Every structure is written in structure tokens, then in C-alpha cells.
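Here's the structure, in C-alpha cells; my notes come after.
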């Protein structure tokens with residue numbers, strides 16, 4: 001290997017080691033002989049079930065709210081569009097615990113929106129499963145919006161224009177022309193959104209609390225088990241999250257992002 005090409009290889013190996021060694025350390029500590037028993041414990045099953053329910057709920061809410069927003073950002077020019085785009089992506093860089101505090105002051109019983117919501121409907125979001133879904137949506141929806149906006153913006157509109165000349169309505173063009181064309185990108189964004197919701201911790205514990213069977217998702221159960229010395233369940237759940245995240249990323253790379 002030429003001398004000038006050695007430095008990038010060494011630095012790349014260092015980057016891989018920085019990511020890979022902690023994961024190897026986790027895999028080395030997992031009690032493989034008892035992992036099935038650990039995952040079948042009641043608290044682990046509760047956390048697994050709640051994580052699936054809340055992450056799918058967050059994905060559904062993100063799709064209902066995020067896809068129209070992505071469409072508007074991609075296809076319409078309006079005053080404040082740059083600010084709207086910045087607000088959408090802000091949860092990707094803001095510490096999740098800050099997001100949880102913001103949600104608490106907005107949707108808590110004394111929050112400006114939560115007070116109105118409770119007075120009108122009697123619903124309260126903090127420290128409930130609904131609150132966990134809202135917290136996960138807050139941090140995960142930007143991944144879907146950013147991906148969908150890029151797909152809508154880069155989509156060739158000539159097929160839509162041809163359908164319009166044939167008398168197709170805007171709704172029909174969107175449903176039968178645009179959506180099939182951008183479906184792989186939307187699937188990628190949805191997978192990233194779901195995986196981010198599944199692994200959410202900071203906003204969830206701040207806004208929804210850590211109540212077994214109600215708001216204690218897998219990341220929260222892992223934290224509590226590590227603190228209490230129950231390493232077996234914590235490591236087993238950590239492995240589940242790690243495997244799911246890895247499968248999502250590998251699938252995205254190979255199927256949608258042009259990996260080889």
C-alpha cells in the first residue's frame with residue numbers, strides 16, 4: 001500500500017474500532033445461556049410489548065402528521081418555510097431530555113395546551129402510554145419528514161403532469177402516481193422513524209415517566225435494571241434493541257440506499 005494511502009486506512013480502522021469495540025463489549029457480557037429466560041421474565045415481556053405498541057403508535061402518528069407536512073415543505077413556497085423546516089428538524093439535535101421538558105410545559109396539566117386539552121376532553125398525557133407515544137413521535141417524526149420531503153422534492157413531476165392532462169384529480173395523482181414512485185424512500189423514512197421511536201429514552205422518561213406496564217419501554221427498563229443490578233434482563237433487552245437497529249440499517253442500505 002502506498003504511504004499516502006495508509007493514513008486514511010488507519011483512521012478508518014480507528015473509527016470502526018470506536019463504534020465496534022463497545023458493541024463487542026456488550027455482546028461479550030450478554031449471558032447467552034440464560035438470554036431466553038431473561039427475555040421471558042414478566043418485566044421484560046411488559047417492556048417489549050409496550051415498546052412495540054408505543055413505537056408503532058408513534059410511527060402512525062408521524063405518518064398522519066408528517067407526510068402532509070413533508071408534502072407542503074417540498075411542493076409549496078410560503079413565508080417562513082425555512083423556519084418551519086428548522087423547527088421540524090430541531091428534535092434531531094436537541095437533547096431528548098430537553099424535548100421531554102418542553103413537552104411537559106406544553107402538554108402537562110398546567111401547560112398551555114395540556115390545560116385546554118384536559119378541560120375540553122378530560123385527557124391527560126403526562127405519565128401515560130399516550131404521553132410515551134407523543135414523546136416518541138416528537139423525537140422520531142423528523143426522520144420521516146426529512147426523508148419524505150427529499151423524496152417529494154426530487155420526484156420527476158412529468159408523470160403527474162401527464163395524469164393531470166388526462167383529467168386526474170390531485171388526490172388521484174398523489175395516490176396513484178406520486179406515492180408509488182416515492183414508496184421506497186417513504187419506507188426507508190418510516191423504518192428510521194420506527195427504530196428511533198423504539199430506542200427513545202430521554203423525552204419518554206421526562207414526559208411519561210418510568211412506570212412498569214404503562215410507560216416503561218425497553219430503554220427505560222434497561223436503565224432501571226442496570227441501576228438495580230439486574231444485568232441479565234438489561235443486557236438481553238439491550239441486545240434486542242441492538243439487533244433490531246442493525247437489521248433496520250442493513251436493510252435500508254441494501255434495499256433502498258443503493259448499498260452493495
Checklist line | Unmet criterion (only one of (1) touching a helix residue (DSSP H, G or I) at 6+ places or on another chain (Cβ under 9 Å); (2) surrounded by 14 or more Cβ atoms within 10 Å (Cβ to Cβ)) for residue 113 | finding: (2)
Next item on the list: Output yes when any residue across segment 164-186 is under 23 Å from the mean Cα position of the chain (by Cα), in contact (Cβ under 8 Å) with a residue 12 or more places away in the chain, in a loop (DSSP other than H, G, I, E, B) and surrounded by fewer than 21 Cβ atoms within 10 Å (Cβ to Cβ), and no when none is.
Entry: no
Checklist line | Failed item in (1) touching a helix residue (DSSP H, G or I) at 6+ places or on another chain (Cβ under 8 Å); (2) more than 23 Å from residue 51 (Cα to Cα); (3) surrounded by 15 or more Cβ atoms within 10 Å (Cβ to Cβ), with residue 118 passing the rest | finding: (1)
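Yes/no matrix, rows are residues, columns are (1) within 20 Å of residue 75 (Cβ to Cβ); (2) touching a residue at least 12 places away in the same chain (Cβ under 8 Å); (3) assigned to a helix (DSSP H, G or I):
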residue	(1), (2), (3)
117	no, no, yes
144	yes, yes, yes
149	yes, yes, yes
153	yes, yes, yes
191	no, yes, yes
194	no, yes, yes
197	no, yes, yes
206	no, yes, yes
221	no, yes, yes
Next item on the list: Hey, can you tell me all the residues within segment 229-243 that are touching a helix residue (DSSP H, G or I) at 6+ places or on another chain (Cβ under 9 Å), free of Cβ contacts under 8 Å to residues at least 60 places away in the same chain and either closer than 28 Å to residue 106 by Cα or surrounded by fewer than 19 Cβ atoms within 10 Å (Cβ to Cβ) (or both)?
Entry: 230, 241
Notebook entry, point to check: Are there any pairs with C-beta distances below 8 angstrom linking a residue in segment 11-24 that is closer than 20 Å to residue 238 by Cα to a residue that is surrounded by 10 or more Cβ atoms within 10 Å (Cβ to Cβ) and modelled with pLDDT of 90 or more, with the two at least 6 apart or on different chains, and if so which?
Noted result: 23/242
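Can you say whether residue 209 is surrounded by fewer than 20 Cβ atoms within 10 Å (Cβ to Cβ), within 19 Å of the chain's Cα centre (by Cα) and at positive phi, as far as the supplied structure shows? Outline the logic, then answer.
On the way: surrounded by fewer than 20 Cβ atoms within 10 Å (Cβ to Cβ): yes; within 19 Å of the chain's Cα centre (by Cα): yes; at positive phi: yes.
Yes; evaluated as a whole, the condition is true for this residue.
The values are calculated or read from the model by the stated rules, or taken from the named source; none is laboratory data. In this text, all values refer to a predicted model and were calculated from it rather than measured experimentally. FYI the Cβ positions are ideal-geometry reconstructions off the backbone, even for glycines, and counts take in every protein chain you see.
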